[in-house]
1. Return the only residue of G32, G93 being closer than 19 Å to W136 by Cα and touching a helix residue (DSSP H, G or I) at 6+ places or on another chain (Cβ under 6 Å).
2. Got at least one residue in the stretch 55-66 being polar (S, T, N, Q) and at positive phi?
3. Looking for something under 19 Å from the mean Cα position of the chain (by Cα), at positive phi and touching a residue at least 40 places away in the same chain (Cβ under 8 Å) - is there at least one such residue anywhere in the stretch 269-292?
4. Of the conditions (1) among the β-branched types (V, I, T); (2) farther than 16 Å from T37 by Cβ; (3) in contact with a strand residue (DSSP E or B) (Cβ under 8 Å, 6 or more places away or on another chain), T54 fails just one. Which one is it?
5. Just wondering, is there one or more residues in the stretch 284-296 that are at pLDDT 95 or above, of a type outside the set (K, R) and part of a loop (DSSP other than H, G, I, E, B)?
6. Let me spell it out: the conditions are (1) surrounded by 15 or more Cβ atoms within 10 Å (Cβ to Cβ); (2) over 20 Å from the mean Cα position of the chain (by Cα), and Q243 meets all of them except one. Which number is the exception?
7. I need the full set of residues from the stretch 215-227 which are more than 21 Å from Y253 (Cβ to Cβ) and either crowded, with 22+ Cβ neighbours inside 10 Å or among the aromatic types (F, W, Y) (or both), in order please.
8. Out of all the residues in the stretch 192-214, which are of a type outside the set (A, V, I, L, M) and crowded, with 20+ Cβ neighbours inside 10 Å?
Amino acid sequence: MATDTPTLMAHCTLCPRECGVNRSLSSGYCCGTDRATINTHQLHHWEEPVLSGTRGSGTIFFSNCTMRCVYCQNFEISRLGYGTRRTADELCGMMLDLQQRGAHNVNLVTPSHYTPQIRDSLIIARERGLVIPVVWNSNAYEKPETLQLVDGLVDIYLPDFRYYETESAVRYSSAPDYPEWAKKAIVEMHRQVGTLSVKTGIAERGLLVRLLVLPGLSAEVRQILKWIADTIGNETWISLMGQYYPTYRSHEYPEINRGITREEYEECRICLEELDFENGFVQGVGSSRDYTPDFRE
């Protein structure tokens with residue numbers, strides 16, 4: 001794979017869809033062009049405690065997405081593309097602004113389809129004094145060779161491993177090869193940054209895997225946990241999320257047009273205990289964003 005941004009944009013194969021468009025002339029499957037489109041940058045106090053801390057995580061929300069999740073909670077940004085195209089220098093300015101405002105980290109949300117542009121901005125930002133950790137907050141539908149473009153520039157990987165079965169990935173996100181690529185991506189992320197390191201309650205470097213429990217799919221979460229334990233190790237930090245609620249096009253899929261049950265969430269929490277995971281967070285069921293570090297409550 002080429003590494004310079006113009007060449008990568010001329011025939012885009014950054015994500016597993018490999019649509020091959022010239023993004024300087026048109027948008028790809030992700031609807032992204034050759035310039036990063038950003039919805040907002042702000043201090044976020046509702047991420048996991050090791051990210052938000054006391055001063056907030058400095059989130060930068062990128063518009064558009066490589067996935068087509070029918071239940072997307074940010075569909076105005078991911079699907080409708082609300083945002084403004086920004087230069088590498090402007091994105092750099094946002095990162096430095098968040099650092100100036102006291103953010104514990106720069107949290108890049110849904111960044112994958114803008115990897116080269118972000119890489120360019122990160123290089124500039126480091127030269128201009130960015131010292132806080134950089135978080136790659138993604139859907140895990142990524143190619144290892146694309147992730148290698150930011151090797152050494154990203155400190156914390158925060159992938160959301162969504163499906164273990166192809167059928168679910170097709171039905172709810174139009175991504176039949178998602179499980180295959182998510183596994184490869186997370187192995188590469190772990191290779192780059194290792195197990196999460198936390199100092200005085202704040203993450204400094206490493207991997208934290210998010211697992212959103214979806215209605216009827218708790219068995220897949222258990223399969224994912226088993227895969228993580230076997231492949232990376234049960235010392236891996238896990239964020240077991242119970243905040244699913246039906247939105248966007250969920251009403252078209254009756255089986256997920258509801259919240260998850262306490263029983264579904266409890267099945268997954270018990271699996272964490274059975275596999276001896278000890279690092280990470282669990283949540284209450286529903287739209288609550290409260291986290292607790294106790295897997296064995």
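1. G32
2. Looking through the stretch 55-66, at least one residue is polar (S, T, N, Q) and at positive phi.
3. yes
4. Every listed condition holds for T54 apart from (3).
5. No, that holds for no residue.
6. Condition not satisfied by Q243: (2).
7. L225, W227
8. Across the stretch 192-214, the qualifying residues are Q192, G206, R210.
The values are calculated or read from the model by the stated rules, or taken from the named source; none is laboratory data. Here the structure is a predicted model, which means the values were calculated and not measured. Virtual Cβ from ideal backbone geometry, glycine too; neighbours counted across all protein chains shown.
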